[in-house]
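No lab work stands behind these numbers, since they all come straight from the coordinates. All figures in this text were calculated on a predicted structure; none of them were measured in a lab. Cβ placement follows ideal geometry from the backbone for every residue including glycine, while neighbour counts extend to all protein chains displayed.
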Amino acid sequence: MSAICVLGLGVGCSCGPVHRRPTEGGPTRKVARIVQEYPHSTEAFTQGLVFHQGRLFESTGQKGSLREISLESATPLWIERLGDVFTEGLASDGERLYQLTWTEGLLYTWSGLPPTRERTTPYEGDGWGLCYWQGRLVRSDGSSTLTFHDPETFEPLDSVEVTLQGQPQEQLNELECANGVIYANVWHSTDVLEIDPSTGRVTAVIDASALARNVASQVRGITDAVLNGIAVEPGTGRMLMTGKLWPKLFEVRLETLD
Ligand code: DDQ
Ligand code: CA
């Protein structure tokens, strides 16, 4: 790098973002450390994971289902199979569960325990991840856009583009709204992004590759067995992560790197 680049003058050289010092507006680097391992069903093509009324719920894709799961056994405590519907992201507003579908354009709203399907609401576009933030449902659709919806009508109200140092971040999958941020799995990546909901800016990149390494020998050869599924327990702040078809669900602790 020439002296002129080091000075950041940007004259006569390609002083693009690669030459920027990492401390200049760059995201915080975090690592997900494994605290505890729990069983997870290898038949669960995990698309959504969320705590709801003190219980843990999972939405699975391919052949869709909504299930209540436990940390004690891989066998679900309760399951409702949804047939040939590819269900996706799952969110709770404390009272109801909301479940997306990948390309069917239908939002399922569930209420009660065990949950019963109360409404089916059509919407435009793909459904990937879903979480509930300040009275709105936040939906990812595989692009770099997060769309904020009215929970009752599912009308889109607002949207934000997710960027990392100015670069749009695509393939955002499972979401979790907690700790004032939106956590997002990036499809086929072991990075989880921490996003500021009001600006879309990625404030931290969480390296969750230790989880994928832990299960690697057990999911070898299954290309779709990727990290997906984040849930933060209200009250305790306990963070859980898993992956599609993974035999384990992990409790993790986020550690900030210097
Ligand atoms: N998505 O989660 C990224 C939205 C979709 C994942 C789809 C993975 C392909 C599975 C193929 C299943 C064929 C029924
Ligand atoms: Ca979640």
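None of TRP128, TRP110 is within 21 Å of GLU176 (Cβ to Cβ) and assigned to a loop (DSSP other than H, G, I, E, B) except TRP128. Hey, any hits in the stretch 94-108 for a residue that's within 16 Å of ligand 1 (Cβ to nearest atom) and over 21 Å from the mean Cα position of the chain (by Cα)? Checked against the condition, which is being within 16 Å of ligand 1 (Cβ to nearest atom) and over 21 Å from the mean Cα position of the chain (by Cα), the stretch 94-108 yields no hits at all. Evaluated against (1) closer than 26 Å to ALA210 by Cβ; (2) within 16 Å of ligand 2 (Cβ to nearest atom); (3) free of Cβ contacts under 8 Å to residues at least 60 places away in the same chain, LEU146 falls short on exactly one condition, (1).
For the stretch 132-146, a residue qualifies if it is assigned to a strand (DSSP E or B) and either small (Gly, Ala, Ser) or away from ligand 1 (no atom under 15 Å from the Cβ) (or both), and the qualifying residues are TYR132, TRP133, ARG136, LEU137, VAL138, SER140.
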